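J.: Below is one structure. I have some questions about it.
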C-alpha cells in the first residue's frame, strides 16, 4: 500500500515502510538505502549541437524546470560557481516527468534526481555533463518494526533496497 500518513507500529501490521526524508517513527528501526543527488542531464544529441564544457556554457542552452522545484536551477548554479547565469531560454513543466521527457527529446537541460535519471544515463539516452557538481536531495529509508527484527524476508528486501540504491545513486 502507499501512503504519506503517519506510521503506527503498535496498531498497524507493517513489514517495511519506505519514506523519503529524515522521518523517525516510534517502534521502528531505520535503514537508509538511497541518498539522492540532483544534477543536470540532457540528451547526447543536444550536446552534439551545443557542447557543455564549462558551466558558463549553459548560457547558450534552454534550462528545463519542474514547477515543483522552482529554485533548483538557481541553487545548483550557485553551487557550481555561476550564480545569476542567464540561460538562452527556460521552459517550465507541471511535473518532473514532463521535464525529463523534454530533456530526452533534446529540448534542453533538466535538473534530475539521480535515482530517476540513472536508467536513462546507463542506457545512453541522457548524459550528465557536470557529474561532479550536484545538490544533495533527500535520503530514503526503510523502516522495520523493532518487534520484527529477525524477519529474514524483510531483511533480504532491505538488503536488496540498499543494493539498488547504490546502483541508482551513481548515474
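J.: For residue 126, are the conditions met, namely being within 30 Å of residue 16 (Cα to Cα), modelled with pLDDT of 95 or more and within 15 Å of the chain's Cα centre (by Cα)?
T.: no
J.: If residue 38 satisfies all but one of (1) more than 27 Å from residue 164 (Cα to Cα); (2) within 18 Å of the chain's Cα centre (by Cα), what's the number of the condition it fails?
T.: (1)
J.: Filter region 132-170 down to the residues that are exposed (fewer than 14 other Cβ atoms within 10 Å of the Cβ) and part of a loop (DSSP other than H, G, I, E, B), then identify the one that is farthest from the chain's Cα centre (by Cα).
T.: If we take residues in region 132-170 being exposed (fewer than 14 other Cβ atoms within 10 Å of the Cβ) and part of a loop (DSSP other than H, G, I, E, B), then 150 is farthest from the chain's Cα centre (by Cα).
J.: While we're looking at this one, here's another question. If a residue must be within 13 Å of the chain's Cα centre (by Cα), surrounded by fewer than 18 Cβ atoms within 10 Å (Cβ to Cβ) and modelled with pLDDT of 95 or more, how many such residues does region 78-123 contain?
T.: Residues that pass the stated criteria total 0.
J.: Right, something else. So for region 106-120 (the condition being more than 15 Å from residue 40 (Cβ to Cβ) and assigned to a loop (DSSP other than H, G, I, E, B)), does at least one residue qualify?
T.: no
J.: List the strands (runs of 3 or more DSSP E) inside region 1-70, counting only whole elements, that have at least 1 residues being in contact with a strand residue (DSSP E or B) (Cβ under 9 Å, 6 or more places away or on another chain) and either loosely packed, with under 12 Cβ neighbours inside 10 Å or modelled with pLDDT of 95 or more (or both).
T.: 28-41, 62-66
The values are calculated or read from the model by the stated rules, or taken from the named source; none is laboratory data. None of these values were measured; they are calculated from a predicted model. Don't worry about glycine lacking a Cβ; one is built from the backbone with ideal geometry, like all the others, and counts go over all protein chains shown.
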